[in-house]
Amino acid sequence: MNERAYTDVGLLSKDSCLMVQDPTDSLFHLLIPTTGLPETKGAPATVEKTVLTDHSVTEVEGLQTNAQKTYTFNYHRDNLRQLNKYVGKTLTFIEVNPDYTGERFKGTMKYGRSAVEVNGIVQGQIFITVNEADDLPLDDVRDIIKKTAIITTPLVETVITGTNKVSMQLEVLPATATVTATTSSASVATVTCVANKLSITGVAEGVCFINLATSAEGEATSYRSIAVEVLAGE
């Protein structure tokens, strides 16, 4: 597997993935999990060429128009937060293939929600208008990509009554990864995460988000969230 790819319902193993370049170190890391990869290039435009001496008509390669690449993803809060960091910017991407060859291109990204649901999860689409692309694929991209530290435990919305506590041990990749947790509203629920054991305690009725950052030495950091609803105690 080239990259660890998560979804909002747990771990998803992907043989191919879309990566974006990090301007701080020039390496490429996972953008978000996507469903498959589009074609690398469309057929070039051609123009007819007439040879008067033998009355033949042939075709020659003309200009290659800028392509638009489309990727499908789960339209989920965590993915939207990640995409919002990059939308509208001109970026360098790599599509990584199972054998670690790669297609590198530059383009501008936007996204939208589609009308399709898969297993109850709304789908979205990323649209990248390609401004520039390598003529040939990269032979081996392993020296310019880095893995992403992730949580593999499925994260679901949590309901707490009163001041009760909910705890879970978070499984991570790599095993050395560390999870830090913050709450969007300490007046609704508080949170601690020690040795990747997450504990959420209700404070008062309301809704908040528990935001999780998973990091490891030499790897990109991933960000997840859990919606928490605290009900009035009996």
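The values are calculated or read from the model by the stated rules, or taken from the named source; none is laboratory data. Please read these numbers as outputs of a predicted model, since none were measured by experiment. Please note: Cβ atoms are built from the backbone with ideal geometry, for glycine as well, and neighbour counts cover all protein chains shown. Surface accessibility is based on the protein's heavy atoms, side chains included, excluding ligands, DNA and RNA. Shrake-Rupley method; radii C 1.70, N 1.55, O 1.52, S 1.80 Å.
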- Query: If ligands, DNA and RNA are left out, what is the accessible area of Ser114 with a 1.4 Å probe, given in Å² to the nearest 10?
  - Reply: 30
- Message: Report, in listed order, any pair from Lys69/Lys146; Lys69/Lys197; Lys89/Lys165; Lys89/Lys147; Lys110/Lys197; Lys110/Lys146 with a Cα-Cα distance greater than 31 Å.
- Response: Lys69/Lys197; Lys89/Lys165; Lys110/Lys197
- Query: Of all GluC sites (Glu not before Pro) in the stretch 124-203, which ones are in loop regions per DSSP and have a Cβ with at most 14 other Cβ atoms within 10 Å?
  - Reply: Glu157
- Query: So what does Val207 come to for accessible area, using a 1.4 Å probe and Å² rounded to 10?
  - Reply: 100
- Note on the structure: Checked the stretch 138-181 with the C-alpha gyration tensor, a ≥ b ≥ c its square-rooted eigenvalues, rounded below a/c of 1.5, otherwise prolate if a/b is larger than b/c and oblate if not; verdict prolate
- Task: Mind grabbing the accessible area of Phe127 for me, 1.4 Å probe, Å², rounded to tens?
- Result: 50
- Note on the structure: In terms of the alpha carbon gyration tensor, root eigenvalues a ≥ b ≥ c, rounded if a/c is under 1.5 and otherwise prolate when a/b exceeds b/c or oblate, the stretch 107-234 is oblate
